[in-house]
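Remarks on the structure that follows.
Values quoted throughout were computed directly from the atomic coordinates according to the rules given, and no laboratory measurement underlies them. Small disclaimer: the values here were computed from a predicted structure and weren't measured. Positions of Cβ are generated from backbone atoms using ideal geometry, with glycine treated the same way; all protein chains shown enter the neighbour counts.
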Amino acid sequence: MNDLTSLKYIPHEKSEKGNGYNIYKRGGIERFKEIQALHREQNWSMKQIEQYFATGGESFKPEPEKKAGELIAEELKAIREEMAAPREENKQMKEQLDNQETINKEFVIPGIQQI
């Protein structure tokens, strides 16, 4: 995760020793775990997480980004649905053609031969 400690939403204190270390108490650690879960488990970007905390989580609740496999599966499903209609239409046309051939064999061809 990139620059989590730079987020102003993780409460911390500077070390009194002047060594530049940040000291995190329970609240900071809990916030860090929350950010980590949003980032890793929900696939939120750092920008989304910052917006989430800036608005108190009320006005912005992004949906997790879909992974490539999910996107491909959705696209394939849409393609299959698009292809299903012409297949059904072709099936109906074949049935009509078969019916017409039966009619031709039984009625039309014998009628023509009698003429």
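So the values come out like this:
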| read-out | value |
| --- | --- |
| FRET efficiency estimate (nearest 0.05) - Cβ-Cβ, GLU88 to LYS66, R0 30 angstrom | 0.50 |
| Formal net charge of residues neighbouring ALA73 (Cβ-Cβ distance under 12 Å; K, R +1; D, E -1) | +1 |
| Estimated FRET transfer efficiency (ALA73, GLU95; beta-carbon r; R0 41 Å; 0.05) | 0.80 |
| Of the GluC sites (Glu not before Pro) in region 5-57, those whose Cβ has at most 14 other Cβ within 10 Å and which sit in DSSP loop | GLU16, GLU41 |
| CD proxy at 222 nm, helix term only [per DSSP H run n ≥ 4: -39500 (n - 2.57); per residue of the chain; nearest 500] | -19000 deg cm²/dmol |
| Over the chain, relative contact order from alpha-carbon pairs under 8 Å, at least 6 apart, % | 14 |
| Sparse-neighbourhood loop sites, chymotrypsin sites (Phe, Trp or Tyr not before Pro) in region 22-115 - DSSP loop, at most 14 other Cβ within 10 angstrom | PHE60 |
| Semi-axis lengths (Å, descending) of the ellipsoid that matches the C-alpha gyration tensor of the chain | 73, 11, 8 |
| Proximal aspartates and glutamates relative to LYS91, as straight alpha-carbon distance under 18 Å, when same-chain residues fewer than 8 apart are discounted | GLU81, GLU82, GLU101 |
| Exposed trypsin sites (Lys or Arg not before Pro) absent: longest stretch of the chain, with sites in DSSP loops and at most 13 other Cβ within 10 Å deemed exposed | 68-115 |
